[in-house]
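Undergrad: Next up is a structure, given as C-alpha cells.
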Amino acid sequence: MVMKKYDAIIIGAGHNGLTNAAYLAKAGLDVVVVEKNDYIGGASTSREMHEGWVYSSASYVCSMLRQAIHRDLNLTKHGLILVPYLGTVNFGDDGSTLVDYPNEEAAYLELKRHSPHDADAMHRFQADLARYAQFIRKTLLRTPPDPTSLRPRDIRELMFLGKQFWALGEKEMYEYVRFFTMSAADFLEDYFENGLVKAAMSSAGIIGTALGVFSPGSAYILLHHVMGDVDGNIGAWGLARGGMGAISNAIAGAMQEHGGELRTNAGVSQVLVKNGKASGVVLESGEELYSGIVVSNLDAKRTFTKIMDRKDLPPGIFEKAEQFKIRGSSGKVNIALSALPKFKGLPDNRYIDRGGQGFTGSLETMERAYDCWKRGRWSDDPFVESVIPSAWDPTVAPPGKHWMSNFIQYCPPTLADGPWTPGERDRFGQAVVDKIERYSPGFKDLIVHMEVRTPHELEQEIGLTEGNIFQGELTIDQLLFNRPFPGYAQYRMPVKNLYMCGSSTHPGGGVSAACGANAAREILMDLKRPNTVPEDDFYDE
Amino acid sequence: MEHYDSIIIGAGHNGLVCAAYLARAGQKVLVLETADKPGGLAASREFHAGFKAPVAHSVNHFPKKIVTDLGLESHGFGTSSESLPTIGLSEEGHHVVLQGGAVTGVEAGDAAAYPDFMKQMQRFADALKPFWLKTIPRAAITNLADMMTFGRIGLKLRMLGKEDMREFMRITALPARDLMDENFDHPILKSVLCWDGLIGSKMAPRSPNHAVLPLLYRMSGDYCGDPGSLIEALHAAASASGAKIRTATAVERILVRTKDGVLAAQGVELANGEKIEADRVVSSADPQTTFFSLAGVESLEIEFTNRIRRLRCDGYVAKLHLALNGLPEFTGLDQVGGRMIIAPHMDAIEFAYDEAKYGECSNEPVMEIVIPSLRDSSLAPQGQHVLSAHVMYAPRRLKGGWDDSKRESFRERAIDAIARYAPGIRGQIIHSELLTPKDLESDFGVTGGHWHHTEFALDQALMMRPTYQAAQYSTPLPGLYLCGAGCHPGGDLNGSPGHNAAHEILR
Amino acid sequence: MNTAEKYADERLMRSHFHPREAAWNVRDAWASWNGYKFAECYYDAEYEYFCVRNSCATYDICPMQKYYVQGRDAEAMLNRMVTRDISKLPLDRVTYVVWCTDQGRMVDDGTIFKLADDRFMLTCGSPCGAWLKMSAFGFSDVTVTDMSDHIAALSLQGPTSCAVLKKMGLHGIDSAKPFDIRHFPFHGDTLMVSRTGFTGDLGYELWVNPELALQMWDELYAAGADYNIQPFGEEATNMARLEAGFIMPGMEFNEALKTIHFEHDQTPFELNLGWLVDFNKPHFNGRNALLKEKERGPKYTLTRLDIEGNKPAEHSYLYSNKRCTREIGYVTSAMWSPAVKANIALAMVKTDCLEGEIWAEIYYEKELRQYNKAARCSVMKKPFWAPARARATPPPDY
C-alpha cells in the first residue's frame, strides 16, 4: 500500500494550529491536524468537567481574535458568538470597589467617587493608550521584518513600521519608547493618584507574565491585554457563547469545510527529518504520517527539545530553545456554584452578572504576590481575575447554577521544595477560595465542584511548557523580530519545510488567531500558492 | 560688574571637564561650587581624623579623548588601561576572580565561556563607544549632520555582522539574570557580572530592559584611575585653561530675565545675594535641582516640568566608610584588593531589592567594596586603611523616613555582612559611617542621592536623557545648558556629559 | 430587587436647580454634562432660542467646572498656563482664555475671574483638575480647589436680563460692563454676578452658595415672570453660540489631551484665536511652538461662512470649485439662523484657500430620498450675531 502523503501536517489543534490549517486547506492543500488530547482547542477549549457544567478550562476571555479572520472563516456560521463584557468590578484591599461602567458618564462618576483628579486624568490615559495600541495593532496580522536583511520585502516591512512610527509625531515617538520599556506602576503614576484606580488599571500588566507591576516592561503587557477589541471597542473583552471551545470548534468547522482533516488522540512523538527537510511525524502510537511540510503549533521549547531530534537541528538551535523564556506564572481555578455569589461592598451585587471581577487589591499586594512567585511559592493574597460566564451564557451551567472562572497571578511552575503534588495543588486552590470568601462571605458553601490548575496541570494537559499561557514571555527580547528567536521570526524554522504557528511566534499570546494566519501566509508564499489570509481591518482607519 | 561667557554650576568632574573645554576655546568661564573644594561626589572627604574617602570610589571607564584633549596626565592623572581585578567573595573562601579577560575560581565550562562572552560584549560595547562622546540628535531629523549620526549608529550595528546584530537587538532589553543564566553556571560569577548593570539603579537581576545598556556603557571606557587624582588633574587643567573656579560659593538661583522678548538664563544669584552675569549658565547639577530649585518652573513648559518631575531620581545605594587599624583579612583571599563584591547569587540581589521596592532597607544587603588606601596612601595614616563600599539597597524614600537609628541599624547590617567574609573586621574598626541616599542628597545637593542624577535606563538614555526636550544639552530655557550625569551618556566618573555639552555650546 | 434600584448609583448627578428644572422640563428631554443630568431642551429648542434673543432665559451652568486657584503664586501659575497676560486683569473682572500643551495645541478654553489678588476662579467646559495639578507643580504657594459641585451657577441671557436683575433688587447691576463682576448681599450670603455668557447677547451669570440655589431661582423667576423668563437647554445654547461664533469642544476643536491622532487637535491660530495669544508675555506654555505656528501661518483657519440656499451644511466637505474636486476643508457646525435668516456655518478652511472660491457639498434628505448639491460660501468677517446691547453700558431697556 502506498502511504498517503499530506501537503501539510499541523501538530497541535490549538486555535492557532486550527487557523493555520484552515487557511492552508482553503488554499487547496491537503492538511491534517494531529492533536494529542481527545478534545481540541488547546488552551482555548470548553470541557464538561462536572455533569451539567462546561468550563473554559484554560483561557476564559476573548478580545484579540482578529475580526478579519472571524469574518473570513465564517466563524459565526460555525457557531461562534462573542458577547462583550459590560465592565469589571475591582475589589481593593480595604474592601472598596471600583466598577468600570460601560457608560461614559457612569464610569466618570464612579472614578470621581474615588478621585476627581483621576476621573479627569482617565481621558488622557485612554487617549494615550489608544495611540500606543493603534501602532502595535497594525503589526498583528503582518510578518515581522528581519532588520538585518536587505531583501526588498524586509526593507518594505521595516519601512512600513518606520512610517507608522513616524506618523506618531516626534513627541509621541519618544513617549512610545518610554512607554514600551517602563513598568505598569510607573506608567500609571504618570496619570493617577488613587491606589485602587492604579491597581485596577495595572492588573492587565501582569496577566500571564513572570513580571510584576513594578518590573520594567509590564506597561507593554498591559497594552497587549487591552489592544484587542470587540466590535470596534478597543480594549473591550468578550465571552464566547459556549465557552472558549466555541472559538476552536468554529475554526475547526471552517477547516473541515475546506477539506482539512482532524485527528485527536494522536500525539506526536517525533518530527521526521530527511535530508535536512521535515517530512512527516511519528505518532505516539508508532504510526508515521508523511507530508511536504510540518507546522508546529507547540511552543518553541517543546517543539525543539521534545519532538525534534537534536541532531536534526543546526548548531545552537537546541540551546536557543532551552533558553527560550517560557515561565509559568499563572493558575486557574474553575468552580461550579449552586448559586450566584454575593459580594461585599457592591450594592445590589451589581455587574457580577455582566462583567468580570478583579480582586486586584493594590499595587503592593500584586507585587508581593510576584515576590512569592520568585521564591517558588504562591501568595495567600493573590491577584485573582474572575468572571461568571453562566450569568450571561445559558449553555455552560444548569439553570440557576453558575460557574466561575478564576485566573490567578501568580502561581509558580514548580515549588521551592519540589514539584507540585495533588495536595499542594489543592492547598493553592484553597488559598484562592479563601481570598474570594473574604470578599464574598458564604462563597465556600456554594461550591459544587472545583478544578484547580497550576502551571503543572497546564503543561501536562495542554502541553504549554511550564504552563506559560503566552507560549513564551512577552518581553522585548522575545517580541516582534525576536520572537521566538532572532532570525527565525518569519515562521520558517531552522529545518527546511518546518514552520511554527503557535503563540511562540509573532504577535504572541492571546486568542488572536494571528500567529496561525501569519504562518499560513508565509507557507503559501513558499509553496507559491495564492494567499488566502485576509488583511487586518481597523476601526480607526 | 563682571560678565562671563559661561557660568558653570558645580565643580564636579563633569563641570570641570566642560569648563576646561570652554575655557580652552577662549571663553571666559566661571565655575561655582558650593563645597569647599571641587570634586562633588568624587571629592575626598575626611570622615574620621586622618581617614579620607570619596563617595564615588573608582574611575573605571574614563575616555582617552578627554585625557588627551585636556592633557590630564601632565596634570597628574595616573591612568591605567588595566582594570582592577573584580572579586566575587565567597563565605567559604572560594572566591571568583575576574582579571584581564579571564576568570578563576569557577568550573571549566564557565572559565571557557567567559572570554567568549566578554569578547562579544566588548564588540557590542565597541560599536556603541563612539556615540558616548557625541550628542545624539533628535529623532525628528532636521539636518544632514544629524542624519549622519544616526546613519553611523546603523552602520556600526550592521558592521557587527548578522549574527551579532541579531544578538545585540535581543540582549539589549534582556534582564541581567537571563543574560547570565544563558552563559554561566557559577552563582557568584553570575551575580558579579550582573553588578555593573544594576549598581545605582532601582533594578534587580530580574528586571528587564535597563540592565544591559549600563553594562555596555561601563565596558566602553579607556582608562581606570583614582578619583582623587582625576579631580586634581581636572581642576588643574581647567584652571590652566583660564577657567576661574570659586569654591564655597553656593548658587541660590539662576537669573532668568527677559531677553529679546523671551525669558532666558543670564547669570546666577549667589546665596549671599551677589549677582553674576553671563551669556549662558551651564549646570552640572542634576535635572531636578537645575530646573526646579535653580531655574524655577515659571520659566518652563508644563509637560516638560512634569516629565522632569517624573524622572526616576531616587537613589538606592548607601555609602559605607570604615576606618580600619590595618588591612582586613578576607577568608581565603590571599591578596586583598581590587573590587570585591558581596552577592553570593543573583537572587541575593533580587531579594535585597524586594524589600527596597516597598521602601524598606534590605535585610541582607549586597555590596561592592574597595580599599582605596591601598592605592592612595594619603587616604589613611601609615599602616591603616579605609574600606569604602557601595551598599544596596537603601531607598531614598524609606518608609517613615530616615533617622539616626535607622541609619545606624543599616550600617550595622552592612558591617555584619562584611564580617561574614572578613571575620576579624569588627575588631579593626576605628570608626564607621554610613551615608544614606538622603545624606548624599543633603550633603552633595544631588536629588534623591542618585549618583547618576537620574536612573540610567533605556527610556532615560541617548536622545531621551534626561528627557527629549533637553537631551542635546540645551534646554527649553534659552541660555541654560546641562552638563551633568543627567545628560547623555550618563553617570559614573566618565566626563562625557561635560565634554559633549561643551561641544554643543561651542557649535 | 427591581432593576432600577440595582443600577441606582449609575444615575447622573442632579444640579442644584434640578427640582425647578425638572418641573419646567415638559419634554423630559435630558442629556448629560460632566456627570450631571442636563436638559437638552425644556419645551421647544427654537422657542427657547427666541427667548434668549427676544426676552430672557436661564441656562444651568452648575455642571460647568469651576476651580479656585489661590495663593501668592496663583497669578504666576495661571499666567504661565494661559496664553493671555492675566497680570493685567483688574480685580472683579473676567477674561476669556485658552491654554495649550507644550506643543501649542489647545487643551481647553475657559474664563478666569479675578476675585482677589491671590484668588482666581477658573471655569471651563470639561474637567481640568489633572492639568491644573500639573500646572501648579513647582509653585510654592498655590492651591487648586475643585469647586464644581460647591457653587450653584445660572446663566441669564437675553435683552431683558438686566431689567429682570434690577427688578430682583440687584441695584447698580446696570453699571456693570461686559466682563465685570459685582457682589450683592443675598440672605446672609453673597450673590456674585458677572456680565458674561455664551450666547453673544446681553447676559449675566449668577454664582451662589448651593444652599441658596432654589431661593435664588425663585426670586429670579418671580422677577422675570413679566419678562417671559424661561429655561433653555443645550440645543438652544448651541444655536445661540454658533450665531455668536463661539467655539465648542468636540465641534470646532478637540481637547489636545484627549486627542489620539497626531495633529487632530488645534492651535489657537487655527481657531482664529490668535488675539488671545500674547507674545508680549515673555513666557507661557506653548509659546515657542505657537511663535513658530504664527510665523508659519496655521494650516487651517476657523472661518464663519454664509452659505447660499437654506440647506444646513452640517458635516459638509468644502471645495475650491463647484465640481467639488479639490477639497479645502470641512464644516464644524452649521444651521439655519432664525435670527439673521441666513444659512450659517463655522468651518475649518485651509488658510491658503480662504481668498478663493469656497463651495460646500451639502447632503440633504427629502422624504427618505437623499440629495446633494454644491452651495457657494462667503466668508463672513463679522460674527453673525453681535447686537449693540451686548456691549452697551448701561444696557438699553430692551
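The values are calculated or read from the model by the stated rules, or taken from the named source; none is laboratory data. Model, not experiment: these values are computed from the prediction. Cβ coordinates were reconstructed from backbone atoms using ideal geometry, including for glycine residues, and neighbour counts include every protein chain displayed.
Undergrad: Considering only residues that are surrounded by 13 or more Cβ atoms within 10 Å (Cβ to Cβ) and not small (Gly, Ala, Ser), look in the range B:105-114 and name the one that is nearest to the chain's Cα centre (by Cα).
TA: B:Tyr114
Undergrad: Right, something else. Which residues, taken from the range B:75-99, are surrounded by 18 or more Cβ atoms within 10 Å (Cβ to Cβ), over 17 Å from B:Ile371 (Cβ atoms) and not polar (S, T, N, Q)?
TA: B:His75, B:Phe77, B:Val96, B:Leu98
Undergrad: Let me ask something else. Among B:Ala502, B:Ala485, which is at pLDDT 95 or above, of a type in the set (A, V, I, L, M) and assigned to a helix (DSSP H, G or I)? Write out each step before concluding.
TA: Numbers: B:Ala485 fails: assigned to a helix (DSSP H, G or I).
B:Ala502 is the lone residue from the list that is at pLDDT 95 or above, of a type in the set (A, V, I, L, M) and assigned to a helix (DSSP H, G or I).
Undergrad: Which residue, of A:Lys26, A:Lys112, A:Lys77, A:Lys36, is among the charged types (D, E, K, R) and closer than 25 Å to C:Pro63 by Cβ? If you could, list the steps in order and put the result at the bottom.
TA: Numbers: A:Lys26 fails: closer than 25 Å to C:Pro63 by Cβ; A:Lys77 fails: closer than 25 Å to C:Pro63 by Cβ; A:Lys36 fails: closer than 25 Å to C:Pro63 by Cβ.
Among A:Lys26, A:Lys112, A:Lys77, A:Lys36, only A:Lys112 is among the charged types (D, E, K, R) and closer than 25 Å to C:Pro63 by Cβ.
Undergrad: Still on this structure, I have one more. Out of curiosity, is C:Lys294 within 14 Å of another protein chain (Cβ to nearest Cβ), on the phi < 0 side of the Ramachandran plot and surrounded by fewer than 22 Cβ atoms within 10 Å (Cβ to Cβ)?
TA: Values: within 14 Å of another protein chain (Cβ to nearest Cβ): yes; on the phi < 0 side of the Ramachandran plot: yes; surrounded by fewer than 22 Cβ atoms within 10 Å (Cβ to Cβ): yes.
So C:Lys294 fits the description; yes.
Undergrad: Residues C:Asp174, C:Asp180: which one is within 19 Å of the chain's Cα centre (by Cα), under 20 Å from C:Arg391 (Cβ atoms) and touching a residue at least 40 places away in the same chain (Cβ under 8 Å)?
TA: Just one listed residue meets the conditions, C:Asp180.
Undergrad: With respect to A:Asn90, determine if the residue is closer than 16 Å to A:Val197 by Cα, more than 12 Å from chain C (Cβ to nearest Cβ) and within 24 Å of the chain's Cα centre (by Cα).
TA: Working: closer than 16 Å to A:Val197 by Cα: yes; more than 12 Å from chain C (Cβ to nearest Cβ): yes; within 24 Å of the chain's Cα centre (by Cα): yes.
Judged against the criteria, A:Asn90 is a match.
Undergrad: Restrict the check to the range A:113-128 and report whether at least one residue is over 26 Å from A:Thr505 (Cβ atoms), touching a strand residue (DSSP E or B) at 6+ places or on another chain (Cβ under 6 Å) and either surrounded by 21 or more Cβ atoms within 10 Å (Cβ to Cβ) or within 9 Å of chain C (Cβ to nearest Cβ) (or both).
TA: Scanning the range A:113-128, I find at least one residue that is over 26 Å from A:Thr505 (Cβ atoms), touching a strand residue (DSSP E or B) at 6+ places or on another chain (Cβ under 6 Å) and either surrounded by 21 or more Cβ atoms within 10 Å (Cβ to Cβ) or within 9 Å of chain C (Cβ to nearest Cβ) (or both), so the answer is yes.
Undergrad: May I ask you to verify whether B:Ala278 is touching a strand residue (DSSP E or B) at 6+ places or on another chain (Cβ under 6 Å), within 14 Å of chain C (Cβ to nearest Cβ) and at pLDDT 95 or above?
TA: In short, no.
Undergrad: Shifting gears a bit: State all residues of the range A:410-427 that are under 30 Å from A:Ala321 (Cα atoms) and assigned to a helix (DSSP H, G or I); if no residue qualifies, say none.
TA: A:Pro422, A:Glu424, A:Arg425 - these are the residues of the range A:410-427 that are under 30 Å from A:Ala321 (Cα atoms) and assigned to a helix (DSSP H, G or I).
Undergrad: Next question, about the same structure. Filter the range B:1-35 down to the residues that are closer than 21 Å to B:Phe77 by Cα and either touching a strand residue (DSSP E or B) at 6+ places or on another chain (Cβ under 8 Å) or surrounded by fewer than 24 Cβ atoms within 10 Å (Cβ to Cβ) (or both) and list them by number.
TA: Narrowing the range B:1-35 to residues closer than 21 Å to B:Phe77 by Cα: B:10-24, B:31.
Passing the criteria: B:Gly10, B:Ala11, B:Gly12, B:His13, B:Gly15, B:Leu16, B:Cys18, B:Ala19, B:Leu22, B:Ala23, B:Arg24, B:Val31.
Undergrad: Among the residues of the range C:80-88, are any crowded, with 18+ Cβ neighbours inside 10 Å, in contact with a Leu (Cβ under 7 Å, 6 or more places away or on another chain), within 12 Å of chain A (Cβ to nearest Cβ) and outside any strand (DSSP E or B)?
TA: Checking the range C:80-88: not a single residue is crowded, with 18+ Cβ neighbours inside 10 Å, in contact with a Leu (Cβ under 7 Å, 6 or more places away or on another chain), within 12 Å of chain A (Cβ to nearest Cβ) and outside any strand (DSSP E or B).
Undergrad: Residue check, B:His452 against (1) part of a loop (DSSP other than H, G, I, E, B); (2) in contact with a helix residue (DSSP H, G or I) (Cβ under 7 Å, 6 or more places away or on another chain), all met but one. Which one?
TA: Answer for B:His452: the failing condition is (2).
Undergrad: Condition first: in a helix (DSSP H, G or I) and surrounded by 18 or more Cβ atoms within 10 Å (Cβ to Cβ). Now tell me which residues in the range A:345-363 satisfy that.
TA: If the condition is that a residue be in a helix (DSSP H, G or I) and surrounded by 18 or more Cβ atoms within 10 Å (Cβ to Cβ), then A:Leu363 is the only one that fits.
Undergrad: Give just the number: which of (1) more than 9 Å from chain C (Cβ to nearest Cβ); (2) touching a residue at least 12 places away in the same chain (Cβ under 8 Å); (3) assigned to a loop (DSSP other than H, G, I, E, B) does A:Ser149 not satisfy?
TA: Here A:Ser149 meets the rest and fails (2).
Undergrad: Being more than 25 Å from A:Ala21 (Cα to Cα), in contact with a strand residue (DSSP E or B) (Cβ under 8 Å, 6 or more places away or on another chain) and either in the same structural domain as A:Met182 (by TED's automatic domain parsing) or modelled with pLDDT of 95 or more (or both) is the requirement here; does A:His456 meet it?
TA: Answer is no for this residue.
Undergrad: Now, a different point. Output yes when any residue across the range A:491-503 is farther than 17 Å from A:Ile293 by Cα and not aliphatic (A, V, I, L, M), and no when none is. First the steps, then the outcome.
TA: Applying the first criterion (farther than 17 Å from A:Ile293 by Cα) to the range A:491-503 yields A:503.
Next, from what is left, pick out any that are not aliphatic (A, V, I, L, M): A:503.
The answer is yes; a qualifying residue exists.
Undergrad: With the requirement that a residue be assigned to a loop (DSSP other than H, G, I, E, B) and among the hydroxyl-bearing types (Ser, Thr, Tyr), what does the range A:437-450 give you?
TA: Residue satisfying the conditions is A:Ser440 alone.
Undergrad: As an exercise: evaluate A:Ile9 against (1) surrounded by fewer than 24 Cβ atoms within 10 Å (Cβ to Cβ); (2) of a type in the set (A, V, I, L, M); (3) over 21 Å from the mean Cα position of the chain (by Cα) and give the number of the one condition it does not meet.
TA: (1)
Undergrad: Can you tell me which residue among C:Trp217, C:Trp207 is assigned to a helix (DSSP H, G or I) and modelled with pLDDT of 95 or more?
TA: Sole residue among the options that is assigned to a helix (DSSP H, G or I) and modelled with pLDDT of 95 or more: C:Trp217.
Undergrad: Being within 14 Å of another protein chain (Cβ to nearest Cβ), crowded, with 19+ Cβ neighbours inside 10 Å and either among the aromatic types (Phe, Trp, Tyr) or within 25 Å of B:Ile66 (Cβ to Cβ) (or both) is the filter here; which residues of the range B:128-187 pass it?
TA: B:Ile136, B:Pro137, B:Phe168, B:Phe184
Undergrad: For a quick check of your reading: which strands (runs of 3 or more DSSP E) sit entirely within the range C:301-398 and have at least 3 residues that are not aliphatic (A, V, I, L, M)?
TA: Fully inside the range C:301-398 and qualifying: C:327-337, C:358-366, C:369-380.
Undergrad: Still on this model: Tell me whether the range B:311-327 contains one or more residues that are among the basic types (Lys, Arg), within 13 Å of chain C (Cβ to nearest Cβ) and out of contact with any strand residue (DSSP E or B) (no Cβ under 6 Å at 6 or more places or on another chain).
TA: Checked the range B:311-327: no residue is among the basic types (Lys, Arg), within 13 Å of chain C (Cβ to nearest Cβ) and out of contact with any strand residue (DSSP E or B) (no Cβ under 6 Å at 6 or more places or on another chain).
Undergrad: What single numbered condition from (1) in contact with a Ser or Thr (Cβ under 6 Å, 6 or more places away or on another chain); (2) more than 12 Å from every other protein chain (Cβ to nearest Cβ) fails to hold for B:Ser284?
TA: It is condition (1) that B:Ser284 fails.
Undergrad: Count, please, the residues in the range A:187-242 that happen to be among the basic types (Lys, Arg) and under 19 Å from A:Val99 (Cα atoms).
TA: Summing the residues that are among the basic types (Lys, Arg) and under 19 Å from A:Val99 (Cα atoms) in the range A:187-242 gives 1.
Undergrad: Given the conditions (1) more than 14 Å from every other protein chain (Cβ to nearest Cβ); (2) surrounded by fewer than 24 Cβ atoms within 10 Å (Cβ to Cβ), and given that A:Lys342 satisfies all but one, which numbered condition is not satisfied?
TA: (1)
Undergrad: Further question: Being assigned to a helix (DSSP H, G or I), in contact with a helix residue (DSSP H, G or I) (Cβ under 8 Å, 6 or more places away or on another chain) and either on the phi < 0 side of the Ramachandran plot or surrounded by 23 or more Cβ atoms within 10 Å (Cβ to Cβ) (or both) is the filter here; which residues of the range A:451-477 pass it? Steps first, please.
TA: In the first step, residues of the range A:451-477 are kept if they are assigned to a helix (DSSP H, G or I); the result is A:455-462, A:465-467, A:476-477.
Next cut, in contact with a helix residue (DSSP H, G or I) (Cβ under 8 Å, 6 or more places away or on another chain) only: A:455-459, A:465-467, A:476-477.
Selection gives A:Pro455, A:His456, A:Glu457, A:Leu458, A:Glu459, A:Thr465, A:Gly467, A:Ile476, A:Asp477.
Undergrad: To continue, here is another question. Can you name the condition, by its number, that C:Ala23 falls short on among (1) surrounded by 20 or more Cβ atoms within 10 Å (Cβ to Cβ); (2) under 21 Å from C:Gln157 (Cβ atoms); (3) of a type in the set (Gly, Ala, Ser)?
TA: (1)
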